[in-house]
Amino acid sequence: MAHDLATIGDATAMFYHGEVPWHKLGTRLDRPATAAEAIKAAKLDWTVRKAPIHILQDGQYRAAKGKFATVRTDPSRPTDTLVLGIVGEQYTPLQNIDAFGWFDSVVGEKAAIYETAGALGEGERVWILAKLPERIRVIGDDLVDKYLLLSNSHDGSSSVQVKFTPIRVVCQNTLTMALRDGPGLRIHHNPSLKRNLDLAQVNLGLINKRFSKIEEAFKRIQRVALDQARLESYLAAVFPLPVSMDDEAGKKRAMDARSRSSELFETGYGNAQTGVRGTLWAAYNGVAELVDHHPGHRATVNGRLESSWFGSGYLTKVRAYSKALEFAATWRN
């Protein structure tokens, strides 16, 4: 399955509001969803349970000590039980409905707008993207929406992750914060999961305070003008050459990324706006656009989500943001 979205029965496990995804799959909602609507539209109204694993030994099936299977069970299709992963005794599942409920508890019921959610593979990974009220105005009409992203694995491969995820309105670039500003929240699947989720709850005022700091950083980056020398210095820091000078393939990838980002500095969506053109903000968004929208090959949905939100693309954008802040602190117009 090229798109790698889970299939629940005959339906694709994803919903979206707004722009149609490149794969043209999932359930489209004409308006933003509530939590209850989102979980049904994304076909995520199923549960995960831990089941003992039995091994045939000496002609008898015996329970494997400390090992369990995570099993997806759809109440509407009780015969469809799928093993998602193998986990330990301490592993505690986070049910999809509880993940949505956590969002409502963080930002207030009906305060978050659920814009997309879905599952990958057979349901091993689930994501929820919720839009928060109000926007960041960097300059003029260059606006950034404020989102929280939750990702949860049901196969034991990763913790529950929650990230602050600003998205630039004009081009849907996912803008990634530097690691020193906090990559987000990680909560492990252990018996303390619910308690740790409760402790992690913050109200909308604290979330907006965090985004206010992000807004200040974006505006600081926007105020720095770039000439060609500065642009080249910035992109060299974002895409460094490999340590080994014998790594010709690595050098080519870095130089190609610099070249393509340099083009997007000029031609990227929204970068021609007054106050944006020729700035460090335009350069940063050029890198983000390269990662999100110009991968150079037809990636799977899983590949794009992993790259933009968690994988190599995410780390590239972290470096782009971090370096932009470093240069903004030293360069003067």
Accessible heavy-atom area order of Tyr269, Tyr147, highest first, probe of 1.4 Å: Tyr269, Tyr147
To the nearest 0.05, the calculated FRET efficiency linking Asp256 and Glu216 through their beta-carbon distance, R0 being 22 Å, is 0.10
Plugging the Cβ-Cβ distance of Glu232 and Gln172 into 1/(1 + (r/R0)^6) at R0 = 35 Å yields, to the nearest 0.05, a FRET efficiency of 0.80
Give the carbon-plus-sulfur fraction of the accessible surface of segment 201-271 in %, rounded to a whole number; probe 1.4 Å, heavy atoms of protein chains only. 53
What lysines could a cross-link reach from Lys40, if we take a straight Cα to Cα line under 29 Å and drop same-chain neighbours fewer than 8 places away? Lys24, Lys50, Lys110, Lys131, Lys146, Lys163, Lys194
Can you give the extra length, in nm with one decimal, that the chain gains between Arg195 and Lys65 once fully stretched, where that is 0.36 nm per residue apart less the Cα-Cα distance? 44.1 nm
Highest-first arrangement of 169-177, 283-291, 62-70, where packing means the average Cβ count within 10 Å: 283-291, 169-177, 62-70
So for the pair Ile97, Ser158, with labels modelled 7 Å out along Cα→Cβ, what separation do we get in nm? 2.6
So how far apart, in nm, are the two label points at Met245 and Thr47 if each is 7 Å from Cα heading toward Cβ? 6.3
The local net charge around Tyr269, scoring Lys/Arg +1 and Asp/Glu -1 for residues other than Tyr269 whose Cβ lies under 11 Å from its Cβ, equals -2
Please compute the net charge surrounding Lys131, taking Lys and Arg as +1 and Asp and Glu as -1 over other residues with Cβ under 12 Å from its Cβ. -1
Averaging 1/r across every pair of distinct alpha carbons in segment 44-178 and inverting yields a Kirkwood hydrodynamic radius, in angstrom, of 17.2
Computed E for Ala36/Val83 - FRET, C-beta separation, R0 35 angstrom, nearest 0.05: 0.80
With each label point set 7 Å from Cα along the Cα-Cβ vector, what nm distance links Ala225 and His294? 2.5
Where does the charge balance sit around Arg168 when Lys and Arg score +1, Asp and Glu -1, over other residues with C-beta under 11 Å from its C-beta? -3
Taking 0.36 nm per residue of separation between Trp331 and Lys209 and subtracting their Cα-Cα distance, the length gained on full extension comes to 41.2 nm
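The values are calculated or read from the model by the stated rules, or taken from the named source; none is laboratory data. Quick caveat, the model's predicted, so the values are computed rather than measured. When we count neighbours, we look across all protein chains shown, and the Cβ atoms used for this are built from the backbone with ideal geometry, even at glycine. We work out accessible area using only protein heavy atoms, side chains counted, and drop any ligands, DNA or RNA first. Shrake-Rupley method; radii C 1.70, N 1.55, O 1.52, S 1.80 Å.
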